[in-house]
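Since the structure comes first, as structure tokens, the remarks are kept for the end.
The values are calculated or read from the model by the stated rules, or taken from the named source; none is laboratory data. Fair warning: this is a prediction, and the values are worked out from it, not measured in the lab. Glycine gets a Cβ as well: all are built from the backbone with ideal geometry, and neighbour counts include every protein chain shown. For the accessible areas, the whole protein counts, side chains as well, though only heavy atoms, and no ligand, DNA or RNA atoms are used. Shrake-Rupley method; radii C 1.70, N 1.55, O 1.52, S 1.80 Å.
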Amino acid sequence: MTDVARASAWMALGTIASRLTGFVRLLLLAATIGTALNADLFNIANTIPNAMYILVAGGLFNVVLVPQLVRAMKRDADGGDAYAHRILTLGLLALLASTVLLVLLIPLISRVVFADRLFSSGFESQLSSGMFLMALCMPQVFFYGAFVLIGQVLNARRHFGPMMWAPVANNAVSCALLAVYLVVFGASNGTDGFTTTQALLLGLGSTAGIVVQTFTLLPFLRRSGFRIRLRFDFRGSGLGHTLRLGAWTLGFIIANQIAFIVVQRLGNRGTAEGADQGVTAAGTAVYEIGFLISQMPHGVITVSIATAVIPTLSTLAHDRDYGRMAMELGRTLRIALTIITPIAVAVACLGPAAAGVLGYIPNLRDGTQVIGWTVAAFAPAMIAFCIHFVMLRGFYSNEDTRTPFFIQLVIAATNIAAAVVLTSLVAPGRVAQMLALAYGLAYLVGAGLSALFLSRSIGRVVDAETVRFAVRLAAAAGVSGASMLGVLWGLSSSGVRADDPTGSLVVLAVAGTVGALVFVGASTALRLRELRYVVTTVLRRG
């Protein structure tokens, strides 16, 4: 695991930088356009291109290509270059055609993703703004795909860092243009839509960031020794096998995106209804803030570790060495959970206090508690999604895209059912929290199913060692959580208010520090070897 650890550490540094700059972008966006209906319009218009890219080709590009590229590098005399050239050519052609088609389908897509209320009388300006923003953002589909295609070629050649660092450039461009928007138009928390000039700056600025992110990878691709060449001799090249694997992944993605669209509509409906009741923080925008905050540890830790181990897993699967493959997956899962679990416990305990710090931003001052409880509601999902994500790397490395499809059907159905039921029970101001709980419940089911079916395929992934590890980890995290809640109670009794920005900083500093120290102490007492391994690796890397 030494090479994997080093690669993971380098990717983690890049991901930390990209996530931190992304968080700055998120805060700057909220400070600029708030969390009300206007923010929902931009958020949906800007996230739909990514969703459409994932629907069109994301599953194939993200999870199928690396194992196939690794196999081609081992099998072909040219080190897999010709195969990679054909993949790039076919992928770029498909992305271009899909992007043009999606732009033409924007009126239909708007009907699907926006709440019905926006199509009623009195919302003409808002609907027009949302559709115009979507048209400006939709070209991102092509550049998202090109970025992942180039990045996966680099990953297959074990150049992991560039793909993790490139989003920093995207975030820098977006932040710069948001700063221009703030200077020119000022901050608002509006519900009446955007002017044409405002929409142009927001939409084109977001698209420009994705373009810059994609072109950032090209120098690293050349440095790896790979040169992009368009090849159209697809017949007999082995792409049919890759596409057949991608067919099940496409089904997986469709199921996932149906759940995504339902959640977006439920959140948008909550925002629209909240606007009628004077609630400025309710649905989609708040849900996205909570989701992005809760996903930061996953992006830094789980993705980095799992991405670094994929070439190794693919090689072991190719050699049918399933015993070592199961052992490698179990070790990867334990390392990821050692870091993710205490963070999830801290999020559950300190989410409202963390969001209280956002009160320094005028546009968020009235919505910090809603955001905070939404962040806390994502805590179970952080652990469940981590397990599920690692298990999926095992399926894909073994060229099994069929089983994840059926598991994702169950996840999507659970997410939709839970979201519909839970949001129907609460007022608009609680919609985002219910959506977060539904997401966690769905992936709790998914984590159990993925571990069960992968173990049937390659042997027990959750073995006796992992069970003993889970018991020790739960005990250490439980003691840490109890200590943080105790500090919260003590500070509250002393008059320190967690709903005040300054008080929130005090609570975070004191309770967070105590929780971290208690977790380390409890882990040491319980002989949690994985924590020592993580700390040793980080110190050695430094």
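Couple of notes before you dig in:
- Calculated SAXS-style log₁₀ I(q)/I(0) at q = 0.12, 0.17, 0.22 Å⁻¹ - the stretch 380-493, Debye, Cα scatterers: -0.59, -0.94, -1.13
- Using θ = phi - 60° in the Karplus curve 6.51 cos²θ - 1.76 cosθ + 1.60, the 3J(HN,Hα) couplings for the stretch 193-201 round to x, 10, 6, 4, 5, 4, 5, 4, 5 Hz; x is entered for Gly and Pro.
- Subtracting the Cα-Cα distance of residue 24 and residue 254 from 0.36 nm times their residue separation leaves 79.7 nm of extension gain.
- For the stretch 392-461, the solvent-accessible area with a 1.4 angstrom probe is 38 square angstrom per residue.
- Taking the 1.4 Å solvent-accessible surface of the stretch 98-197 as the whole, the part contributed by carbon and sulfur is 68%.
- Solvent exposure of the stretch 83-214, expressed per residue, is 38 Å² of accessible area, with all protein chains present and a 1.4 angstrom probe.
- As a fraction of the 1.4 Å probe accessible area of the stretch 455-530, surface on carbon and sulfur atoms comes out at 65 percent.
- Neighbours of residue 529, meaning other residues whose beta-carbon lies under 13 angstrom from its beta-carbon, give a summed charge of +4 when Lys and Arg score +1 and Asp and Glu score -1.
- As a fraction of the 1.4 Å probe accessible area of the stretch 333-415, surface on carbon and sulfur atoms comes out at 69 percent.
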